[in-house]
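Data block below; observations after.
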Amino acid sequence: MQIKLINPNTTASMTELMGSAARAVAAQGTEIVLATSRSGAVSIEGHYDEALSVLGTIDQILEGNPADAYVIGCFGDPGLLAAREITAAPVLGIAECAMHAATFVATSFSIVTTLERTRIISEQLVRNYGMERHCRRVRATDVAVLDLEEPESCARAIILGECEEALRTDKSEAIVLGCAGMADLAKYLEERLGVPVIDGVAASVKFAEALVGMRLRTSKIGDLAYPLPKPYLGKLSAYAPARLFPATAPQQTERLAILG
């Protein structure tokens with residue numbers, strides 16, 4: 001089984017960090033293929049960053065040999081539904097997987113994320129995924145994504161303190177880490193907090209293995225059908241569905257064309 005873990009930002013060191021978390025939980029026989037976007041922002045910390053990251057994710061899904069499943073390694077789950085349209089393989093977002101995993105081991109959880117603006121985006125995801133009944137609160141640490149890799153930022157201590165406050169004030173029973181760059185903190189935090197701490201990268205890998213093992217594919221009926229063939233103009237002409245997916249939906253194979 002091959003799972004392609006896509007980092008929608010362009011920071012390769014963060015891809016490697018996510019890769020270590022993914023491989024630590026992957027079953028024997030599961031190959032984790034790492035991919036870093038070649039276009040977009042060095043970190044994703046807002047709607048604009050997210051919007052421009054989607055094309056890099058699409059590039060990585062369409063390039064190379066098709067994987068058995070894909071994981072989008074950003075807690076905003078940017079481009080998740082668009083990615084599901086262009087492949088029949090399962091595509092998982094780390095936020096959606098982390099929240100679902102939390103509900104399997106606790107009746108309530110708090111999300112601890114990075115900046116205030118990403119807190120608002122995470123709250124939108126909580127609503128979109130129907131998790132309002134389980135999520136007690138989304139907490140921002142005001143730690144920038146790239147500062148997670150800088151020891152002098154004291155990011156680890158700040159995140160631990162926010163998690164402790166979540167348990168004390170929110171009365172949550174689990175913590176969801178609201179950034180892929182926190183993937184290496186799950187064990188450290190769980191040992192100190194004494195509650196489940198869910199990293200969405202690890203959760204996505206295990207869910208991907210389960211879906212592939214069950215031979216489940218993305219439905220191609222309805223809104224997740226392949227994009228309708230039509231021309232695109234300007235800078236996005238290379239992404240036109242008419243070029244990438246020229247056949248009708250019932251006749252389409254896993255992938256009919258790749259980007260030139």
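The values are calculated or read from the model by the stated rules, or taken from the named source; none is laboratory data. No experiment lies behind these values; they were computed from the predicted model shown. Heads up, the Cβs are rebuilt from the backbone with ideal geometry, glycines too, and the neighbour counts pull from every protein chain shown.
The helices (runs of 4 or more DSSP H) found entirely in region 1-85 that carry 2 or more residues being closer than 26 Å to residue 245 by Cβ, at pLDDT 95 or above and among the charged types (D, E, K, R) are 47-62, 80-85. Taking the condition part of a strand (DSSP E or B) and farther than 24 Å from residue 24 by Cα, does residue 136 pass? Considered against the rule, which asks whether it is part of a strand (DSSP E or B) and farther than 24 Å from residue 24 by Cα, residue 136 comes out as yes. Among the residues of region 185-199, are any touching a residue at least 40 places away in the same chain (Cβ under 8 Å), under 29 Å from residue 4 (Cβ atoms), hydrophobic (A, V, I, L, M, F, W, C) and not in a helix (DSSP H, G or I)? Yes: one or more hits.
Each row is one residue, and each column tells you yes or no for (1) over 22 Å from residue 10 (Cβ atoms); (2) over 20 Å from the mean Cα position of the chain (by Cα); (3) outside the structural domain of residue 49 (by TED's automatic domain parsing).
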position: 102; (1), (2), (3): yes, no, yes
position: 111; (1), (2), (3): yes, no, yes
position: 116; (1), (2), (3): yes, no, yes
position: 136; (1), (2), (3): yes, yes, yes
position: 142; (1), (2), (3): yes, yes, yes
position: 150; (1), (2), (3): no, yes, yes
position: 171; (1), (2), (3): yes, yes, yes
position: 180; (1), (2), (3): no, no, yes
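Pairs are defined by a Cβ separation below 6 Å, a sequence spacing of at least 6 or placement on different chains, a first member in region 141-165 that is surrounded by 14 or more Cβ atoms within 10 Å (Cβ to Cβ), and a second member that is at pLDDT 90 or above and among the polar types (S, T, N, Q); the pairs so defined are 143/114; 145/43; 145/114; 146/43; 158/141; 159/141; 162/141. For the condition at pLDDT below 95, not β-branched (Val, Ile, Thr) and not in a helix (DSSP H, G or I), residue 142 qualifies. If you check 232, 188, which single one turns out to be surrounded by 12 or more Cβ atoms within 10 Å (Cβ to Cβ) and farther than 27 Å from residue 20 by Cα? Only one candidate passes the filter, namely 232. The conditions of being surrounded by 14 or more Cβ atoms within 10 Å (Cβ to Cβ) and not in a loop (DSSP other than H, G, I, E, B) are not met by residue 237.
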